[in-house]
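The values are calculated or read from the model by the stated rules, or taken from the named source; none is laboratory data. Computed from a predicted model, the values in this text were never measured in an experiment. Cβ atoms come from the backbone with ideal geometry, glycine included; neighbour counts cover every protein chain shown.
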Amino acid sequence: MKKLKFPTAQTILLIIAAMVALLTWIVPSGKYDTLSYSASENIFNLNGLDKQTQVEATQTSLNDLNIKIPLEKFTSGDIWKPINIPNTYKKLGANPQGVLEFIKAPIKGIIEASDIIFLVLFIGGLIGIMNLTGAFDAGISWMAKVLKGREFILIILVTFLISLGGTTFGLAEETIAFYPILIPIFLAAKYDAMVALASIYLGSSIGTMYSTVNPFSVIIASDAAGINWTTGMNGRIIMFIVGTLISILYIIRYAQRVKKDPSKSIIFSQKEEIEQLFGNTTNSTIKLTSRLRLIIFVFSMCFVIMVYGVSQLRWWFIEMTSVFLVGAVLIGFIAKIKESVFVDTFVKGASDLLGVALIIGIARGITVLMNDGLISDTMLYYASNVTTGMNKGLFINAMLYIYAGLSFFIPSSSGMAVLTMPILSPLADGVGIGREAVVNAYQYGMGLFAFINPTGLILASLAIVKVGFDKWLKFVMPLVLILLVFTMMALTLSVYL
């Protein structure tokens, strides 16, 4: 009898989509009224189930709706998405998603996620051009010689810098660009691809989990909770430092074991396949010439400009994609690549990441099913009722698990913040703790589940590295449990001290 293989990422997501479609037949449909701000008219739009009304954009209007958020958070643009209005949940007639809706969901998801999909495809094109120039081979060979005997520095630098990006400006989707570049470097250092995957993905996850100034999570969530985002900052900084340190030590421990004995690798059976896929550049004979150095500089500047644009200029996917397109064209000119060869190579590079792009689209399709089936708000409504009568310690840990669970249905951090904070943060008042504790529980719960959340970025990341979800779970679950215990203890202490 043939050994059963763990299904691919696409199949896992389609199975989850089918289960969610089934849920829409079981879970009652319901929806909260929403409020959005119109800057052009300086009014609030109230969208209910049966009517749409407009009210004056004043603090009094917000207070009347039991929304404890300062008016300037709307007028300044800090909150730009519609938010749920507390105490407005209403049950609706069921809108179950059938076979036809299930089939259409991935297509709708791909259309909705087109911005990030194009970013991924253009990154693939740029990587293809870089591979053609030989700059990667020369640069990786040079780095392998420089780090010889001190390869662990690579793990520390990559994990820390990416986690720093995560905690400051929400570096997450952008890390997809790093895998094809960094995996060959880690392989040249005699580590396996799992170490590269962990350094990048865990770095991003731990950074966004323990966000300190990230506008897409801590700031927007604090605004939606009606508190200053600096409240609780010292505790979050400590959590970020300790959490990042735990993750780095965990990765180094595994990496040193693999370096000493490659057969200890969780993905040892794929060693040859992965090395062939990403190339063995350790013994590259390509010399790092001035032209290749310039190409590597232009390539690196694409990421510097992207990071600056996202963190300082409010850039998003269109601007980021444009940077990678311009970078590819510039590198083509410097390397004197013929126009026809450039186009063919760019298209081939983009096609190499098409599978990853489809995974992102299918994952978004699951959210489409839940929204169309009107069960997302129902999940939130029941979650808000679970904590009634709990003491401080139990309440805040229940919030941690509630947010972890809700993130399966709402994987977007900013989306989660504006939809849930007006409903869940006032519950903190009832148990006598600060609302910043709920903001922290939101971050930590979402962040912790992101390590393994199939509707998040992990399956797309695994697809690039060609590592199965089962192998990833085997690697990461001990760390998840360690961080879970640490986070629960920290949350409990924070509400009693």
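Could you check region 419-452 and list, in sequence order, the residues that are of a type in the set (Val, Ile, Thr) and outside any helix (DSSP H, G or I)? Within region 419-452, Ile433, Ile452 qualify. Among the residues of region 334-357, at least one is of a type in the set (Ser, Thr, Tyr), surrounded by fewer than 18 Cβ atoms within 10 Å (Cβ to Cβ) and either in a loop (DSSP other than H, G, I, E, B) or without any contact (Cβ under 8 Å) to a residue 40 or more places away in the chain (or both). Taken as a whole, the structure places Gly432 among residues that are out of contact with any Phe, Trp or Tyr (no Cβ under 9 Å at 6 or more places or on another chain), farther than 15 Å from Asn84 by Cβ and modelled with pLDDT under 90.
If only residues of region 82-113 that are among the polar types (S, T, N, Q) and touching a residue at least 40 places away in the same chain (Cβ under 8 Å) are counted, the one that is surrounded by the fewest Cβ atoms within 10 Å (Cβ to Cβ) is Asn95.
hydroxyl-bearing (Ser, Thr, Tyr), modelled with pLDDT of 80 or more and touching an Asp or Glu at 6+ places or on another chain (Cβ under 8 Å) - does that describe any residue in region 286-306? No: region 286-306 contains no residue that is hydroxyl-bearing (Ser, Thr, Tyr), modelled with pLDDT of 80 or more and touching an Asp or Glu at 6+ places or on another chain (Cβ under 8 Å). From the list Ile12, Ile79, which one is outside any loop (DSSP other than H, G, I, E, B), surrounded by 13 or more Cβ atoms within 10 Å (Cβ to Cβ) and at pLDDT below 90? After applying the criteria, what remains is Ile12. Give region 40-51 a look and list any residue that's modelled with pLDDT under 85 and surrounded by 11 or more Cβ atoms within 10 Å (Cβ to Cβ), or say none. Correct list: Gly48, Leu49. Number of residues in region 250-279 that are hydroxyl-bearing (Ser, Thr, Tyr), in a helix (DSSP H, G or I) and either touching a Lys or Arg at 6+ places or on another chain (Cβ under 8 Å) or surrounded by 13 or more Cβ atoms within 10 Å (Cβ to Cβ) (or both) equals 2. Considering only residues of region 365-395 that are touching a Ser or Thr at 6+ places or on another chain (Cβ under 9 Å), buried (at least 19 other Cβ atoms within 10 Å of the Cβ) and farther than 18 Å from Tyr89 by Cβ, which is modelled with the lowest pLDDT? My answer is Thr367. Among the residues of region 362-406, those that are in a helix (DSSP H, G or I), in contact (Cβ under 8 Å) with a residue 60 or more places away in the chain, out of contact with any strand residue (DSSP E or B) (no Cβ under 7 Å at 6 or more places or on another chain) and among the β-branched types (Val, Ile, Thr) comprise Ile362, Ile366, Thr367, Val368, Ile396. Taking the numbered list (1) within 23 Å of the chain's Cα centre (by Cα); (2) in a helix (DSSP H, G or I); (3) hydrophobic (A, V, I, L, M, F, W, C) in turn, Val329 passes all entries but (1). Looking at Gly432, Gly445, just one residue is touching a Lys or Arg at 6+ places or on another chain (Cβ under 9 Å) and small (Gly, Ala, Ser), and that residue is Gly432.
Residue-wise test of (1) within 30 Å of Lys471 (Cα to Cα); (2) touching a residue at least 40 places away in the same chain (Cβ under 8 Å); (3) of a type in the set (Asp, Glu).
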residue: Ile220; (1), (2), (3): no, yes, no
residue: Arg236; (1), (2), (3): no, yes, no
residue: Asp261; (1), (2), (3): yes, no, yes
residue: Phe268; (1), (2), (3): yes, yes, no
residue: Glu275; (1), (2), (3): yes, yes, yes
residue: Ser290; (1), (2), (3): no, no, no
residue: Ser300; (1), (2), (3): no, no, no
residue: Ile305; (1), (2), (3): no, no, no
